[in-house]
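Participant: Sharing a structure here in structure tokens format.
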Amino acid sequence: MAKKSKLKPRVAMPMQDAAERSANFSEVALGYTAEMAREEAARCLQCKTPTCQAGCPVEVDCRSFIKCVAEGDFAAAYRVIKQDNSLPAVCGRVCPQEKQCEAGCKLNPTGKPIAIGRLERFTADSYYAENPCDALTGTDACPMLRDDLKVAAIGSGPSSLTFAGYLAARGIPVTVFEALHDVGGVLLYGIPEFRLPKSIVRTEVEFLKAQGVEFRVDQVGGKTFSIAELREQGYQAVFIGTGAGLPRFMNISGENLIGVFSANEYLTRVNLMRAWQFPETDTPVIVGRKVTVFGGGNVAMDAARTALRLGADRVHIVYRRTQNEMPARLEEIEHALEEGIVVEPLAAPLEFLGDENGRLRAVSLQRMALGECDASGRCRPEPIEGDIYELETDLAIIGIGTGPNPVLLGETPELGLNKRGYIEADPETGETSMDMVFAGGDIVTGAATVVMAMGAGRSSAQEVARRLGVE
Ligand SMILES: Cc1cc2nc3c(=O)[nH]c(=O)nc-3n(C[C@H](O)[C@H](O)[C@H](O)COP(=O)(O)OP(=O)(O)OC[C@H]3O[C@@H](n4cnc5c(N)ncnc54)[C@H](O)[C@@H]3O)c2cc1C
Ligand code: SF4
């Protein structure tokens, strides 16, 4: 390992100023310049046995692409990444790198791992800017699609997009069926514009279209079509990537008061239906002055930061454990705090309190303490008896977790589910209990990460290509 003293610090990411950005929806992180990217890449040790790649669920060859960036050959860097990752501009923005590639980096123990995510983002952005025509595959040639093969994907989140991209690049035509009126899954309706601009998602989708992937929107699997009908239409394999978008509630009194939202509905209204531009758009949303968000993951951070941008005077995030245990990306927690969001740790909601008009006015909270810890070191929050207090609140957003999207599952009884209601699938291939039907992403694992969903889509695509005799 390199000596601490000789190590240059990580090149800082340019950001919008915290005060300015908390009142707009423009992207917070502004991206490296070419000089910054080369400087950061030059810190890489080019280890003989790199430990970064194994931390990446889609196994991007980090060492090689970083070397290309350091040498200023950004197109070569893009080609290296694109071999394994079909959505690099997205991943560079939303992956929890501190738990993945950067956690594996040999420089991590010094506190200055290579900023692999930032370099990935830079590589994809610069390539798209320079080479809009062949950004799709990183090669000049697009394969011809075969007319004797036909594959379907249900849902258009990162698992299905990766599945479709992998097969299309090998000449296998894929049709993606999406229930909503637009494509991208959580990348579109969940993660806000200021963290992942929709233009980035649309660019990646356009590349897939150019590659021959067909997208059909307003198609609800289990309602407007069934898997049996897809088979009758000649689809030889089906991938299910319908995600875990069913909001969970807390089942406490007052949850149906006016002003209590699930994070799913709140973010969908703002992101997909663009309520932040209301009345120019059709969808309104309640603009809270005193906002309380429940949860400690990315969903809670996104909801809190969105409420702030919509005009809240103050936003609290209530979490049962302490800030250290919050599962959100580290960068998102830091950004939220910089913007003035207050974390209310060690507190759990008891009930929502309303006024005479049925509107939310406060939430009653129970103070907690950390109790016994399990083998992983995660400690159980326990109530401190009698320590109950009220927090004035006119908008509450619940982001404590989600369940499997149920529509398709309910209409497909042949599909084996596990005890938690998610699809039972082979961890290596995504194969389900139904012949030539595969599944991956959140609908198998429960709510996880973009890159985990992409890894699952890729594994299933590899298996489908093999079964169809293409690999
Ligand atoms: C607000 C929020 C922020 C997040 N932030 C991050 C982050 O920063 N980093 C990170 O790595 N992960 C993050 N995640 C998690 C990540 O987005 C998910 O793990 C990932 O999107 C799962 O991908 P997927 O392909 O399984 O499904 P999804 O992205 O959920 O897409 C599923 C798609 O299937 C469609 N669908 C559902 N049912 C049907 C049906 N019956 N027929 C047709 N279509 C259907 C849905 O409309 C949706 O478009 C976040 C999640 C949320 C909600
Ligand atoms: S990113 Fe880290 S682990 Fe990977 S090659 Fe560079 S220094 Fe080594």
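The values are calculated or read from the model by the stated rules, or taken from the named source; none is laboratory data. Since the model is a prediction, treat every value here as computed from it, not as a measurement. Glycine gets a Cβ as well: all are built from the backbone with ideal geometry, and neighbour counts include every protein chain shown. Just so you know, the surface numbers come from the protein's heavy atoms only, side chains and all, with ligands and any DNA or RNA stripped out. Shrake-Rupley method; radii C 1.70, N 1.55, O 1.52, S 1.80 Å.
Participant: Is it the case that some residue within region 287-310 is part of a loop (DSSP other than H, G, I, E, B), more than 18 Å from Ile398 (Cβ to Cβ) and free of Cβ contacts under 8 Å to residues at least 60 places away in the same chain?
Facilitator: no
Participant: Of everything in region 22-44 that's within 16 Å of ligand 2 (Cβ to nearest atom) and assigned to a loop (DSSP other than H, G, I, E, B), which residue is nearest to Cys95 (Cα to Cα)?
Facilitator: In this case the residue turns out to be Tyr32.
Participant: Restricting attention to region 97-115, which residues are under 14 Å from Arg329 (Cβ atoms), assigned to a helix (DSSP H, G or I) and not charged (D, E, K, R)?
Facilitator: Within region 97-115, Gln97, Cys101, Ala103 qualify.
Participant: Out of curiosity, is Asn256 without any contact (Cβ under 8 Å) to a residue 40 or more places away in the chain and part of a loop (DSSP other than H, G, I, E, B)?
Facilitator: Yes, satisfied.
Participant: Please work out if Cys47 is modelled with pLDDT of 95 or more, in a loop (DSSP other than H, G, I, E, B) and either away from ligand 2 (no atom under 16 Å from the Cβ) or open to solvent by 10 Å² or more (accessible area, probe 1.4 Å) (or both).
Facilitator: Yes: the conditions hold for Cys47.
Participant: Answer yes or no: is there a residue in region 221-233 that is away from ligand 1 (no atom under 13 Å from the Cβ), in a helix (DSSP H, G or I) and of a type in the set (A, V, I, L, M, F, W, C).
Facilitator: yes
Participant: Being open to solvent by 50 Å² or more (accessible area, probe 1.4 Å) and closer than 20 Å to Ser460 by Cβ is true for just one of Arg248, Arg216, Arg274. Which residue is that?
Facilitator: Sole residue among the options that is open to solvent by 50 Å² or more (accessible area, probe 1.4 Å) and closer than 20 Å to Ser460 by Cβ: Arg216.
Participant: Of the residues in region 47-57, how many are in contact with a Cys (Cβ under 8 Å, 6 or more places away or on another chain) and either under 17 Å from Val94 (Cα atoms) or within 16 Å of ligand 1 (Cβ to nearest atom) (or both)?
Facilitator: 2
Participant: Among the numbered conditions (1) under 30 Å from Arg170 (Cβ atoms); (2) at pLDDT 95 or above; (3) among the small types (Gly, Ala, Ser); (4) more than 15 Å from ligand 1 (Cβ to nearest atom), tell me where Ala425 comes up short.
Facilitator: Result: Ala425 fails condition (4) only.
Participant: Here is a follow-up. How many residues are within 15 Å of Gln236 (Cβ to Cβ), of a type in the set (Gly, Ala, Ser) and either away from ligand 1 (no atom under 13 Å from the Cβ) or assigned to a helix (DSSP H, G or I) (or both) when one looks only at region 152-167?
Facilitator: 1
Participant: On to the next question. Across region 62-84, which residue is nearest to Ser126 (Cα to Cα) among those that are among the charged types (D, E, K, R) and either over 21 Å from the mean Cα position of the chain (by Cα) or near ligand 2 (Cβ under 9 Å from one of its atoms) (or both)?
Facilitator: Top of the filtered list is Asp73.
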